[in-house]
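The values are calculated or read from the model by the stated rules, or taken from the named source; none is laboratory data. These numbers were taken from a predicted model, which means no experiment stands behind them. Every residue, glycine as well, gets a Cβ built from its backbone with ideal geometry; the counts of neighbours run over all protein chains shown.
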Amino acid sequence: MLSSRFRRVFLQHLDEAFQAGELKFFHELKDLSDPTRWKHYLQAERSRKWVVYAKRPFGGPAQVLNYLGRYTHRVAISNNRLLQLEDGKVTFHWKDYRDDSRQKVMTLAADEFIRRFLLHVLPKGFQRIRQYGFLGNRSRSGKLARCRQFLAVPVAVEPQIVREDWKTRYEAITGESLDRCPACLRGRMVHVGILLPGQQQWHALAAAIDSS
């Protein structure tokens, strides 16, 4: 039941993308750009058996969420697995699933390590997680408000976050002001402008200093 439904919905959206001109075919698939060939291709796929395997998880839904969470909210390799970077080579831990999931050490050239890492980066336009229903980005705020209304949940007032200027933050942490003159340690520097090559800029700066 799941297999036939998934096949129908998938091919339906695929055909809609073709009709909208969103599909591009290259090399050995170039003939599919012809509408007649595309129609025959869809007919063949509708009669093909698709394998969609689903079963109840042994550890329950929480185990599935925990498993997926390790992949959806982390990068390809964590920092604690990196052991050494020396002479243009990267050494790291890896798990060999073919050998009873034993931890092993591998050393790769830096460019090969980066190549393998980038294989886990999604192409432009792809999104790792998509939210549906009342969590969908398009209508999240309105639907969440309706959910709160039906559940009689009071509207939460978001606290106003006051963002400090980075200079003010630095002075609060170190006790030193970045605006204080480093020469006399008494005067306070004021941003007047950016000097570009040219004598006229210097005259403008002098005039600004005299007016202040």
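Can you pull out every residue in the stretch 165-181 that is surrounded by fewer than 11 Cβ atoms within 10 Å (Cβ to Cβ) and outside any helix (DSSP H, G or I)?
Asp165, Gly175, Glu176
Given (1) modelled with pLDDT of 90 or more; (2) surrounded by fewer than 10 Cβ atoms within 10 Å (Cβ to Cβ), where does Phe126 come up short, assuming only one miss?
The one condition Phe126 does not meet is (1).
Just to be sure I understand, how many residues within the stretch 82-94 are more than 25 Å from the chain's Cα centre (by Cα) and of a type outside the set (Val, Ile, Thr)?
7
Across the stretch 16-50, which residue is farthest from the chain's Cα centre (by Cα) among those that are surrounded by 11 or more Cβ atoms within 10 Å (Cβ to Cβ) and outside any helix (DSSP H, G or I)?
Going through the qualifying residues, I end up with Asp34.
Residue by residue through the stretch 29-80, note down the ones that are within 30 Å of Phe117 (Cβ to Cβ) and either touching a Pro at 6+ places or on another chain (Cβ under 6 Å) or of a type in the set (Asp, Glu) (or both).
Gln63, Val64
Could you list, ordered by first residue, the pairs with Cβ atoms under 7 Å in which the first is in the stretch 3-27 and at pLDDT 90 or above and the second is surrounded by 11 or more Cβ atoms within 10 Å (Cβ to Cβ) and among the hydrophobic types (A, V, I, L, M, F, W, C), at least 6 apart or interchain?
Here the result reads Leu11/Leu42; Asp15/Leu42; Ala17/Leu23; Phe18/Trp38, each pair linking the stretch 3-27 to a residue that is surrounded by 11 or more Cβ atoms within 10 Å (Cβ to Cβ) and among the hydrophobic types (A, V, I, L, M, F, W, C).
Could you list, in sequence order, all residues of the stretch 129-164 that are hydroxyl-bearing (Ser, Thr, Tyr) and surrounded by 11 or more Cβ atoms within 10 Å (Cβ to Cβ)?
Correct list: Ser139 only.
Could you please find all residues in the stretch 51-63 being surrounded by fewer than 12 Cβ atoms within 10 Å (Cβ to Cβ), under 21 Å from Phe6 (Cα atoms) and hydrophobic (A, V, I, L, M, F, W, C)?
The answer is Val51, Ala54.
Conditions first: (1) of a type in the set (S, T, N, Q); (2) surrounded by 12 or more Cβ atoms within 10 Å (Cβ to Cβ); (3) touching a Lys or Arg at 6+ places or on another chain (Cβ under 8 Å). Gln103 passes all but one, so which condition is the exception?
(2)
Residues in the stretch 46-94 that are of a type in the set (D, E, K, R) and at pLDDT 90 or above: how many?
The total comes to 4.
If we scan the stretch 140-147, do we find a residue that is at pLDDT below 85, part of a loop (DSSP other than H, G, I, E, B) and farther than 30 Å from Leu82 by Cβ?
So far as the stretch 140-147 goes, no, none of its residues is at pLDDT below 85, part of a loop (DSSP other than H, G, I, E, B) and farther than 30 Å from Leu82 by Cβ.
Check off (1) of a type in the set (Gly, Ala, Ser); (2) more than 30 Å from the chain's Cα centre (by Cα); (3) surrounded by 10 or more Cβ atoms within 10 Å (Cβ to Cβ) for Ala76 and give me the number that stays unchecked.
(2)
Conditions (1) out of contact with any Gly (no Cβ under 8 Å at 6 or more places or on another chain); (2) in a loop (DSSP other than H, G, I, E, B); (3) farther than 15 Å from Arg81 by Cα; (4) in contact (Cβ under 8 Å) with a residue 60 or more places away in the chain, marked per residue:
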| position | (1), (2), (3), (4) |
| --- | --- |
| Val105 | yes, no, no, no |
| Leu108 | yes, no, no, no |
| Glu112 | yes, no, yes, no |
| Phe117 | yes, no, no, no |
| His120 | yes, yes, yes, no |
| Arg128 | yes, yes, yes, no |
| Gln131 | yes, yes, yes, no |
| Phe134 | yes, no, yes, no |
| Asn137 | yes, yes, yes, no |
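Run down Arg98, Arg115 and say which single residue is at pLDDT below 90, farther than 30 Å from Leu144 by Cα and either touching a Phe, Trp or Tyr at 6+ places or on another chain (Cβ under 9 Å) or exposed (fewer than 12 other Cβ atoms within 10 Å of the Cβ) (or both).
On inspection, the qualifying residue turns out to be Arg98.
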